[in-house]
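Read the figures in this text as sums done on the coordinates, not as results from a lab. Keep in mind the model is a prediction, meaning the values are calculated, not measured. Glycine gets a Cβ as well: all are built from the backbone with ideal geometry, and neighbour counts include every protein chain shown.
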Amino acid sequence: MSEYSGKNVVITGGSSGIGLATAGLLAEGGARVVITGRSQAALDAALERLGPKVSAVRSDVSSLAQLDVLAARVGEELGSVDALFVNAGITRPTPLESTSEEVFDESFAINVKGAFFTVQKLAPLLSTGAGVVLTTSAANAVGLLGTSVYAAGKAALRSMARSLSTELLPRGIRVNAVSPGPVDTGILERTMAVEEAREFKAARMAENPMGRFGTPEEIARAAAFLAFHATYSTGIELVTDGGATQL
Ligand code: NAD
């Protein structure tokens, strides 16, 4: 029997990067996986790569109405959920002098409000013993230049992992966070100017104790561990950053 066969998984932000790699790992292991994202084209491309164990729902995590639709679709397709990977997120450079209210609000609407309501809306479907994994970021533990809004949002999520753990433990549900360091998923190029992304990447590589970016597959393995194998852990943050915040 495959490792995850019979398990039902929902991954927000599963159309690319870390979410896509996690969907691939778990589906290969036999799980049924529902991925979400904002772009139908990206979801379609992901489904082609991931095969028949995976289905997709276009859903913006910052819209509660769309999260209601997601919960209804997941209820119909999977019935119950054994692992919920709350991974959708955006990165924007947010220098103190030039960051607008709109950029601040968008960052928190997706990275913080979106995560909270994803858990709220899908909680009724979580099975006893289910694992919820929130994607935080190494940025929440250090003071990287121009990241104060993103980092504060991820710090809020790290905190939420603890409080939600307490709320969901009576149902036997664990809530943990995976905290990636720099991972080459294209998120920087999609959200920064080309030159800015290049400089940001070079700086992260130079300061990383392992001298490299992580791969989406490395973060996927950490997320799968928290979701299914870390059965005596709740409220923790598993740091997967090449030692950047630890050494
Ligand atoms: P990515 O851009 O490849 O993936 C982000 C995913 O989130 C995509 O599927 C996108 O469609 C989805 N998404 C974005 N906004 C959404 C919304 N409003 N509603 C629904 N889906 C939405 O990036 P990634 O690097 O794989 O990022 C995944 C997570 O990892 C994010 O939360 C990000 O903050 C976090 N993270 C990434 C890095 C890194 O270096 N790549 C480091 C630390 C943390």
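Beta bridges from DSSP with both residues in segment 8-238: antiparallel share about 0 percent, rounded to the nearest 5.
Each helix, a run of at least 4 DSSP H residues, gives -39500 (n - 2.57); summed and divided by the residues of the chain, these come to -13000 deg cm²/dmol at 222 nm. Between the C-alpha center of segment 64-111 and that of segment 155-174 there is a gap of 17 Å. The Kirkwood radius of segment 80-170, taken over pairs of alpha-carbon atoms, gives through the Stokes-Einstein law at 20 °C and 1.002 mPa s a diffusion coefficient of 154 µm² s⁻¹. Rounded to the nearest 10 degrees, the angle from helix 64-77 to the longest Cα principal axis of the chain is 40 degrees. Calculate the tail of P(r) for segment 180-227: the fraction of all Cα-Cα distances greater than 15 Å, expressed in %. When all Cα pairs of segment 180-227 are counted, 49 percent exceed 15 Å. Using bins of 10 Å that start at zero, the share of Cα-Cα pairs per bin across the chain amounts to 8, 34, 38, 17, 3, 0, in whole %.
What net charge is computed for the residues neighbouring Asn176, neighbours being all others with C-beta under 11 Å from the C-beta of Asn176, Lys and Arg scored +1, Asp and Glu -1? Display every interim value, and only then the final one.
Values: positive: Arg158, Arg162, Arg174; negative: Glu237.
Charge balance near Asn176 sits at +2.
Looking at segment 21-99, which GluC sites (Glu not before Pro) are DSSP coil and have at most 11 other C-beta atoms within 10 Å of their C-beta?
On the way: sites: Glu28, Glu48, Glu76, Glu77, Glu97; in loops: Glu97.
Taking segment 21-99 and a limit of 11 other Cβ atoms within 10 Å, the loop GluC sites (Glu not before Pro) found are Glu97.
Can you work out the FRET efficiency for the pair Glu48 and Tyr232, with r the C-beta to C-beta distance and R0 = 35 Å, to the nearest 0.05? Mind dumping the intermediate values first?
Working: r = 38 Å, r/R0 = 1.09.
The formula returns an efficiency of 0.40 here.
Divide, for segment 103-247, the radius of gyration over alpha carbons by 2.2 N^0.38 Å, where N is the residue count. List each step's numbers first, then the result.
On the way: Rg = 15.7 Å, N = 145, 2.2 N^0.38 = 14.6 Å.
Segment 103-247 yields a ratio of 1.08.
For q = 0.09, 0.17 Å⁻¹, what log10 I(q)/I(0) does segment 1-147 give under the Debye formula with an equal point scatterer on each alpha carbon and no solvent? The Debye formula, applied to the Cα set alone, gives -0.29, -0.92. Compute the angle between helix 17-28 and the longest alpha-carbon principal axis of the chain, please, reported from 0 to 90 degrees and rounded to the nearest 10. Tilt relative to the chain: about 30 degrees. Quick one: helix 194-207 against the long Cα principal axis of the chain, what's the angle to the nearest 10°, folded into 0 to 90? The angle comes out near 90 degrees. A Cβ-based charge dipole, computed about the Cα centre of segment 8-238 with Lys and Arg at +1 and Asp and Glu at -1, lands at about 560 debye.
Just to be sure I follow: if Rg is taken over the C-alpha atoms of segment 34-119 and Rh is the Kirkwood radius over the same atoms, what is Rg/Rh?
Numbers: Rg = 14.8 Å, Rh = 14.2 Å.
Using only Cα positions, Rg/Rh for segment 34-119 is 1.04.
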